[in-house]
1. Could I have the simple spin-label model distance between Glu54 and Lys14, label points 7 Å from Cα toward Cβ, reported in nm to one decimal?
2. Modelling each spin label as a point 7 Å along the Cα-to-Cβ direction, I'd like the Val7/Ala47 distance in nm, to one decimal.
3. Which FRET efficiency value, to the nearest 0.05, do you get for Glu65 and Ala40 by plugging their Cβ-Cβ distance into 1/(1 + (r/R0)^6) with R0 = 30 Å?
Amino acid sequence: MVSDDHVTEEQIRKWADEAEAGYDVDQLKRRGRGRPGRGAEPTQVIAVRLTAEEIAALDAYAAREHLSRSEAIRRALAGYAA
């Protein structure tokens, strides 16, 4: 078993045995990476700097509407662009 602060010799042995036995490349490729997409088109991450007050207002709105921060921001942008 792996603890929070170290790896046991037993775990290292298990990992080594697994690696020596080989991996199913097709299975590894099916795992996927990162967050799931939001649709057919690619998306882009954009960093935005907000003050503590802006974050508090955003979080309050998101909580009221049961949204993530990202979804709350997307809704605000959609409303602004409409």
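1. 4.6
2. With each label point 7 Å from Cα toward Cβ, the separation is 3.0 nm.
3. Working: r = 26 Å, r/R0 = 0.86.
Efficiency, from the Cβ-Cβ distance: 0.70.
Read the figures in this text as sums done on the coordinates, not as results from a lab. Please read all numbers here as calculations on a predicted model, not as lab measurements. Neighbour counts run over all protein chains shown; Cβ positions are idealised from the backbone, glycine included.
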